[in-house]
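S.K.: Quick one: structure below, then a few questions.
What follows draws every value from the coordinates through simple rules; no lab data is involved. If you're wondering where the values come from, they're calculated on a predicted model, not measured in any experiment. So basically every Cβ, Gly included, is an ideal-geometry build from the backbone, and we count neighbours across all protein chains shown.
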Amino acid sequence: MPELPEVETVVRGLARRMAGHRLSGIELRRGDLRWRIPKSLPKKAEGHLVTAVERRAKYILIRLDDGGILLLHLGMSGRLVLMEPEDKTPLERHDHVVMTLDDGTRIRFNDVRRFGVLDYVRAEALEGHKLLQGLGPEPLDPGFTGAVLEAALEGKRTPLKAALLDQRVVAGLGNIYVCEALFYAGLSPKRLARTVNPERAERLVAAIKDVLQRAVAAGGSSIRDYVQATGELGYFQHQWAVYDHEGEPCPRCGGSNIKRIVQSGRSTFYCPKCQR
DNA sequence: ACGAGAACCTGTTTGC
DNA sequence: TGCAAACAGGTTCTCG
């Protein structure tokens, strides 16, 4: 799925097209995603003006002028695809929700695996929403520092890789960018989280911020069928140093090949020589 | 309380 | 070539 850079890219694309426009219709074509989409959602959101589209962790927030918010998560395979007003292309098999704007633009929420989420929440209840509670700091926020990360990892006996995927530690990283950040920080994914001292934490935070910023600048990574909101393809996948590069020489030391291991059921790519 | 693994679901790729 | 297993960007829930 979309990790932070992909979600950020989608949010920017959506903001351009949605802000200042009225949601004239929401069609629920299939409601059983990760959770049931409330049947009352279209009625509550229709007719209201979109004031802003924002991101928190990997969640998309579509804010409406009456204080309502559409809360969306793309899961592993979710996409938001813009359709121009004149676009008569038929909807596809996994288009579960279609939002229509007052200018005729449509946005379809397509999600093959249905791990995605769509919910309606009032602005005053957003902080307390079950899905947003307990989320860790935004990695690109200036407040996310080595000291903050070190404190979050303190005492954790889990491998560092798993700790960074935990959205309570830091919010927005996923499998790809964790692998990339660990590589740039020169830290082994297998290292126990609690062994990250202040010096390592600083390096790791710097690597996380750097790789995320570069990925956002590239418009994210397009994997398989993932396309950003504007329809363009992100190109960061061409800049992956280790992810999906099993068996290739390490781009830093060249003397060792990138290894793939499985940690808590997910692929990890790293250089056994550079990452300690 | 914590950490590992299963579960959710569908489609594509890989290996025998 | 054909079929089955493995794998895919995430998160929650259960179990030890």
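S.K.: Divide the volume of the convex hull of the Cα atoms of chain A by its number of residues and quote the answer in cubic angstrom per residue.
M.R.: Dividing the Cα hull volume of chain A by its residue count gives 127 Å³.
S.K.: Kindly provide the trypsin sites (Lys or Arg not before Pro) of segment A:46-95 that DSSP labels as loop, not H, G, I, E or B, and whose Cβ sees at most 13 other Cβ atoms within 10 Å.
M.R.: Details: sites: A:Arg55, A:Arg56, A:Lys58, A:Arg63, A:Arg79, A:Lys88, A:Arg93; in loops: A:Lys58, A:Lys88, A:Arg93.
Listed in order of number, the matching sites are A:Lys88, A:Arg93.
S.K.: Let me ask something else about it. Once both axes come from the Cα atoms, what is the angle between helix A:4-18 and the longest principal axis of chain A, in degrees from 0 to 90, rounded to 10?
M.R.: 20
S.K.: Take every Cα pair under 8 Å in segment A:4-125 that's 6+ residues apart, average their separations, divide by the length, and report that relative contact order as a whole percent.
M.R.: It rounds to 30 percent for segment A:4-125.
S.K.: Could you pull out every one of the lysines with an alpha carbon less than 30 Å from that of A:Lys88, ignoring same-chain neighbours closer than 8 positions?
M.R.: Leaving aside lysines fewer than 8 places away in the same chain, those within reach of A:Lys88 are A:Lys39, A:Lys43, A:Lys44.
S.K.: Can you give the FRET efficiency for A:Val112 and A:Arg266, using 1/(1 + (r/R0)^6), R0 = 22 Å, r = Cβ-Cβ distance, to the nearest 0.05?
M.R.: The pair A:Val112/A:Arg266 has a calculated efficiency of 0.70.
S.K.: Right, something else. Measuring from centroid to centroid over Cα atoms, what is the spacing of segment A:155-194 and segment A:1-59 in Å?
M.R.: Centre-to-centre (Cα) distance: 29 Å.
S.K.: To continue, here is another question. What's the extension gain from A:Asp102 to A:Gln239 if we count 0.36 nm per residue and subtract their Cα-Cα distance?
M.R.: Length difference between fully extended and current span is 45.4 nm.
S.K.: Another question, then. So for segment A:146-270, if I pair up every lysine 8 or more residues apart or on another chain, how many of those pairs have alpha-carbons under 17 Å apart?
M.R.: So the count works out to 5.
S.K.: Just to be sure I understand the model, the point goes 7 Å from the Cα along the line to the Cβ. What's the resulting A:Cys253 to A:Glu27 distance in nm?
M.R.: 5.6
S.K.: Ok, one more. How do A:Val10, A:Val112, A:Val117 rank when sorted from fewest to most other Cβ atoms within 10 Å of their own Cβ?
M.R.: Starting with the residue having the fewest Cβ neighbours, the order is A:Val112, A:Val117, A:Val10.
S.K.: Once you have a ≥ b ≥ c as the square roots of the Cα gyration tensor eigenvalues for segment A:1-52, tell me rounded if a/c is under 1.5, and otherwise prolate or oblate according to whether a/b is larger than b/c.
M.R.: It comes out oblate by the Cα gyration axes.
S.K.: Now for a separate question. Assign one of three labels to segment A:4-125, namely rounded, prolate or oblate, based on the Cα gyration tensor with a ≥ b ≥ c the square roots of its eigenvalues; rounded applies when a/c is under 1.5, prolate when it is not and a/b is larger than b/c, and oblate otherwise.
M.R.: rounded
S.K.: Quote to one decimal, in nm, the extra length available between A:Arg168 and A:Ala19 on full extension: 0.36 nm per residue of separation minus the C-alpha distance between them. Before the final figure, lay out each step's value.
M.R.: Numbers: separation 149, 0.36 × 149 = 53.64 nm, distance 3.01 nm.
The span from A:Arg168 to A:Ala19 would gain 50.6 nm if fully extended.
S.K.: In whole Hz, with x marking every Gly and Pro, tabulate ³J(HN,Hα) for segment A:31-36 from phi via Karplus 6.51 cos²θ - 1.76 cosθ + 1.60, θ = phi - 60°.
M.R.: In residue order, the calculated couplings are x, 8, 8, 3, 10, 5 Hz.
S.K.: Moving on. Convert each backbone phi in segment A:45-58 into a coupling constant with the Karplus relation 6.51 cos²θ - 1.76 cosθ + 1.60 (shift: θ = phi - 60°), then list the ³J(HN,Hα) values in order as whole Hz, x for Gly and Pro.
M.R.: 9, 4, x, 9, 7, 7, 9, 6, 10, 10, 10, 9, 6, 9
S.K.: Calculate one ³J(HN,Hα) per residue across segment A:96-112 by plugging θ = phi - 60° into the Karplus curve 6.51 cos²θ - 1.76 cosθ + 1.60, and present them in order as whole Hz with x for glycine and proline.
M.R.: Those phi angles translate into 8, 9, 10, 9, 10, 9, 5, 9, x, 4, 10, 10, 9, 9, 9, 8, 4 Hz.
S.K.: Shifting gears a bit: What do you get for the angle between helix A:175-185 and the principal long axis of chain A? Use alpha-carbon atoms, 0 to 90 degrees, nearest ten.
M.R.: 40
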